[in-house]
Amino acid sequence: MLKLLRPTVRDLAGDLLYAIGLTRPDRGARRLNVVTFHRVLPQAQLREYPLAAIAVSVEEFTWFADYFSRHFTVDTFANAARRWEAGERPERPFLAITFDDGQRDNALHAVPVLERFGLRGSFYVPVKALDDNETLWHDRLGYAAAALLRTDRSAASRALARLGAPELADDVATVQELVERAKRLTPEERDAFVDETERAAGGNSRPAWDGMMTWEQLRAMVARGHEVGSHSMTHQLLPQLDDAALAYEVAESRRVLEARLGSKVETFCYPNGDADARVVRAVREAGYARALSTRWGPNDPGTSPFDISRCDIQASTSRTRKGVLSESRVALRLSPLQPRP
Ligand SMILES: [Zn+2]
């Protein structure tokens, strides 16, 4: 219902629900909240990054960290979930701040902000991609498509047409739509499509500032109390893989992570949130204690530890119509009243 309301009315409804307390965090003391971030970038880099839906600026992230620190009991996902499952119900509900994809900006920009507020985060890394400092396919495609839209619109149109993707009003939305369509291809088709689009754009156009975290950065983060978990080896969509490839992504990533970090790895995060019964079984059998999906919403007691849902945090959906970051908007999004996408 709220989705259909005009933005002004939606802002007012958000404020009202907050004022009467319905969406206030402390109303959900029995719930486990997990929020998702990907990129935390300085303004200049944010402007160069093509997938706006998975990026926030350092200033925006600081606002979110401040909000979370005042309204929630923030802990790593492994710790928060363990405490929550053991029945602990602090006055301010549990919240875990998670980061997917292992990008360098996490160590450079997110960690210092978290630590300023005394918070600890959970970082999910694709192990082999990190080892090779590889660009993940969605970033490769994002950079290539954005470059084509700037320099060679007819080549861009051809790439869009191949996946049946529309050319939308703004290029950011067009790139996003193309990446969404590419998720529906088989791994082989997707690799070929990304290669071709990248070739058309004149090669890998990832800027020099972009890249994966290093093992050194991750070890330093673990030493300071942050959590590092597995986000597979290569960020393949796991239900598409055969058993051997699935075991490699799930079990081997845990083995390598534990060896490189010198500490236990308890949690897994399904790439793109994609999991089926066979994937869940593989994760359980590999020795993980719990796993994160991208299913939307807070978790009620009794939720399967291998299907923990999260709330994706974006600056655009946390602002009022006037563009101000709003506590009542974020509270609404984290509450069960938020319509599920
Ligand atoms: Zn991911």
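What follows is calculated from the coordinates using simple rules that are stated; it is not laboratory data. Because the structure is predicted, anything quoted here is derived from the model rather than measured. Neighbour counts are summed over all protein chains in view; Cβ atoms, including those assigned to glycine, are modelled from backbone coordinates with ideal geometry.
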Please report the relative contact order for the chain, taking Cα pairs under 8 Å with a sequence separation of at least 6, and give it as a percent rounded to a whole number. 22
Once you put a point 7 Å from the Cα of Asn272 and another 7 Å from the Cα of Asp191, both along the Cβ direction, what distance in nm separates them? 1.5
Report the equivalent ellipsoid semi-axes for region 137-200 in whole Å, largest first, defined as the square roots of five times the eigenvalues of the gyration tensor built from alpha carbon atoms. 16, 12, 10
In nm, what is the difference between 0.36 nm times the number of residues separating Ser263 and Arg89 and their Cα-Cα distance? 59.9 nm
Hz values of 3J(HN,Hα) by residue in region 247-253 - Karplus curve (6.51, -1.76, 1.60), Gly and Pro given as x: 4, 4, 5, 8, 6, 5, 5
Only bridges with both residues in the chain count here: give the DSSP antiparallel percent, nearest 5. 10
Ranked by Cβ crowding within 10 angstrom, fewest neighbours first, how are Arg190, Arg219 ordered? Arg219, Arg190
Can you list the HN-Hα couplings for region 83-94, worked out from phi with the Karplus curve (6.51, -1.76, 1.60; θ = phi - 60°), rounded to whole Hz and with x for Gly and Pro? 5, 5, 5, 7, x, 5, 10, x, 4, 8, x, 5
So, in nm, how far is label Ala247 from label Ser154 when the simple model puts each one 7 Å beyond its Cα toward the Cβ? 5.2
Taking the simple approach of a point 7 Å from Cα along Cα-to-Cβ for both Trp296 and Lys322, what is their distance in nm? 2.7
So which trypsin sites (Lys or Arg not before Pro) in region 269-341 end up in coil per DSSP with only 15 or fewer other C-beta atoms within 10 Å? Arg321, Lys322
Pull out a ≥ b ≥ c, the square roots of the eigenvalues of the alpha-carbon gyration tensor of the chain, then state rounded if a/c is under 1.5, prolate if not and a/b is larger than b/c, and oblate in the remaining case. oblate
Show the residues, 5+ positions off or on another chain, whose built amide H is closer than 5 Å to the amide H of Arg290. Phe268
Magnitude of the Cβ-charge dipole of region 137-200, K/R +1 and D/E -1, about the Cα centre, nearest 20 debye? 100
Whose amide H sits under 5 Å from the amide H of Val74, counting only residues 5 or more places off or on another chain, with H placed in the peptide plane? Leu95
Multiply the residue gap between Asp131 and Ala173 by 0.36 nm, knock off their C-alpha separation, and tell me the result in nm, one decimal place. 12.0 nm
Given the candidates Trp137, Phe99, Tyr67, the one whose Cα lies deepest towards the positive end of the charge dipole of region 63-141, counting +1 at each Lys or Arg C-beta and -1 at each Asp or Glu C-beta, is Tyr67
Within the chain, which is the longest segment that contains none of the GluC sites (Glu not before Pro) sitting in a DSSP loop with at most 12 other Cβ atoms within 10 Å? 92-341
Any idea which of Val111, Ala147, Gly21 is furthest toward the positive side of the dipole for the chain, if Lys and Arg beta-carbons carry +1 and Asp and Glu beta-carbons -1? Gly21
Under unit Cβ charges (Lys, Arg +1; Asp, Glu -1), what dipole magnitude, rounded to 20 debye, does the chain have relative to its Cα centre? 1140
Under a 5 Å amide H to amide H cut-off, with H placed in plane at 1.01 Å, what residues pair with Gly102 once short-range neighbours are removed? Tyr124
